[in-house]
1. Quick one: would you say Asp110 is out of contact with any Asp or Glu (no Cβ under 6 Å at 6 or more places or on another chain) and more than 27 Å from Thr274 (Cβ to Cβ)?
2. Among the residues of region 157-178, count how many are at pLDDT below 85 and either surrounded by 10 or more Cβ atoms within 10 Å (Cβ to Cβ) or in contact with a strand residue (DSSP E or B) (Cβ under 6 Å, 6 or more places away or on another chain) (or both).
3. Would you confirm, using the coordinates I've provided, whether Ala145 is of a type outside the set (Val, Ile, Thr) and surrounded by 15 or more Cβ atoms within 10 Å (Cβ to Cβ)?
4. Is there a residue in region 50-57 that is within 21 Å of the chain's Cα centre (by Cα) and open to solvent by less than 60 Å² (accessible area, probe 1.4 Å)?
5. Need pairs with beta-carbon distance below 8 Å; first residue touching a residue at least 40 places away in the same chain (Cβ under 8 Å) and more than 25 Å from Leu275 (Cα to Cα) and within region 69-95, second open to solvent by 40 Å² or more (accessible area, probe 1.4 Å) and part of a helix (DSSP H, G or I); sequence gap 6+ or separate chains.
6. For region 212-324, which fully contained helices (runs of 4 or more DSSP H) count at least 3 residues that are loosely packed, with under 15 Cβ neighbours inside 10 Å and at pLDDT 70 or above?
7. Would you check if there is a residue in region 187-197 being modelled with pLDDT under 95 and under 15 Å from the mean Cα position of the chain (by Cα)?
8. If you take the residues of region 98-107 that are of a type outside the set (Gly, Ala, Ser) and either open to solvent by less than 50 Å² (accessible area, probe 1.4 Å) or at pLDDT 90 or above (or both), which of them is nearest to the chain's Cα centre (by Cα)?
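The values are calculated or read from the model by the stated rules, or taken from the named source; none is laboratory data. Note that this is a predicted model, so its numbers are computed, not measured. Here Cβ is always computed from backbone atoms with ideal geometry, including for glycine, and neighbour counts include all displayed protein chains. Note: areas computed on protein heavy atoms with side chains; ligands, DNA, RNA excluded. Shrake-Rupley method; radii C 1.70, N 1.55, O 1.52, S 1.80 Å.
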Amino acid sequence: MKLSLMDVYPDDYQVTVVRAAGVAGEERLETVPLYELDRLDWIDHLTTVYVPPVQDAQLTWRDPFAAVEIVETLRGPDGCPWDRKQTHESLRKYVIEEAYEVAAAIDERDPDHLAEELGDLLLQVLLHAQIASEVGDFDVRDVFARLSEKLVRRHPHVFGEGTAQSVDEVNAIWERVKEEEHAKQESRQSTLAAVSFAGPALMVAQAVQTAAAKVGFDWTKLEDVWGKIKEEMNELEIELVRDRRRDAAVAEELGDLLFACVNVARFLQLDAETLLAEATRKFIHRFQYVERRVAEGNESWAEISPETLDSYWNEAKITLPREN
């Protein structure tokens, strides 16, 4: 019991030990710091431990649900204007930022800094859970429940009848379980099914483009790609002039061009990472539309003409909702 209480209360928190309460001649009371609780040699089956109410809220901060309540207060009517204004979308970039800062703290091998950065990352989880709970989507307990369910499901060698004696066997089990999960989620196998859409937007965009190129959905020569870049740059310049904003510089190599695009986003006070993620999702939806059209026509990716693919792509641009 002492160890359980010390998970929440400070080691020197004062508690009162009562033996034979109300029994004349037998009653005994002694107040001791929590860490000495198991050092009393007169404890028996008639003993009770009284833990007084906490007067300083800070003493409860080791309880995970104290942070949950703090976030709820921040989002409440009398809370912080910044926290109350946030949405899932506005917080998206902070989740990525905090994850990178956790990784940096790991590289520094500084336990105190790592604990602090893990707390910042956990704050993002709690904020998203609170926002979702306010509209009835889910709450933090649902997050915990889904995590526990997934951990148990993906470790049958620990919680089930399976066995695994090596890391390789564990990895094999993990991959098999994930494949079973994906099979249930996907009724049709997409060319992009093997691509992980979780990660930095630049990495995801490159992986998506590479997968699409493997089935021939790609430019035939560099000049065509450069023409598309210039086309997009011209369209952006028109919008910039219309909005009386400054133009962006163009660099010699792809990395410099990406940097210039980020610079344009910065001048427009937009988040480049979010913009690229949205553009990648739009490509995914349109490419999967093209895949459906190819399948409907019983056509082969190896034999289909570029003109036909282009027509399917234009159909997707017209047919799909603008947000896709």
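1. Details: out of contact with any Asp or Glu (no Cβ under 6 Å at 6 or more places or on another chain): yes; more than 27 Å from Thr274 (Cβ to Cβ): yes.
Yes: the conditions hold for Asp110.
2. Residues in region 157-178 being at pLDDT below 85 and either surrounded by 10 or more Cβ atoms within 10 Å (Cβ to Cβ) or in contact with a strand residue (DSSP E or B) (Cβ under 6 Å, 6 or more places away or on another chain) (or both): 15 in total.
3. Working: of a type outside the set (Val, Ile, Thr): yes; surrounded by 15 or more Cβ atoms within 10 Å (Cβ to Cβ): no.
Against the criterion (of a type outside the set (Val, Ile, Thr) and surrounded by 15 or more Cβ atoms within 10 Å (Cβ to Cβ)), Ala145 does not qualify.
4. The first filter runs over region 50-57 and keeps only residues within 21 Å of the chain's Cα centre (by Cα), leaving none.
No, region 50-57 contains no residue that is within 21 Å of the chain's Cα centre (by Cα) and open to solvent by less than 60 Å² (accessible area, probe 1.4 Å).
5. Listed by first residue and then by second, the contacts come to Val71/Leu123; Arg75/Arg84; Arg75/Glu134.
6. On the way: elements: 222-242, 254-267, 272-296, 306-319.
Once the helices (runs of 4 or more DSSP H) in region 212-324 are filtered for at least 3 residues that are loosely packed, with under 15 Cβ neighbours inside 10 Å and at pLDDT 70 or above, what remains is 222-242, 272-296, 306-319.
7. We begin by selecting, within region 187-197, every residue modelled with pLDDT under 95; these are 187-197.
Next, from what is left, pick out any that are under 15 Å from the mean Cα position of the chain (by Cα): 196-197.
Checked region 187-197: at least one residue is modelled with pLDDT under 95 and under 15 Å from the mean Cα position of the chain (by Cα).
8. Initial filter on region 98-107 (of a type outside the set (Gly, Ala, Ser)): 98, 100-102, 106-107.
Subsequent filtering for residues that are either open to solvent by less than 50 Å² (accessible area, probe 1.4 Å) or at pLDDT 90 or above (or both) retains 98, 101-102, 106.
Values: Glu98: 10, Glu101: 14, Val102: 13, Ile106: 18 Å.
Checking each candidate, the answer is Glu98.
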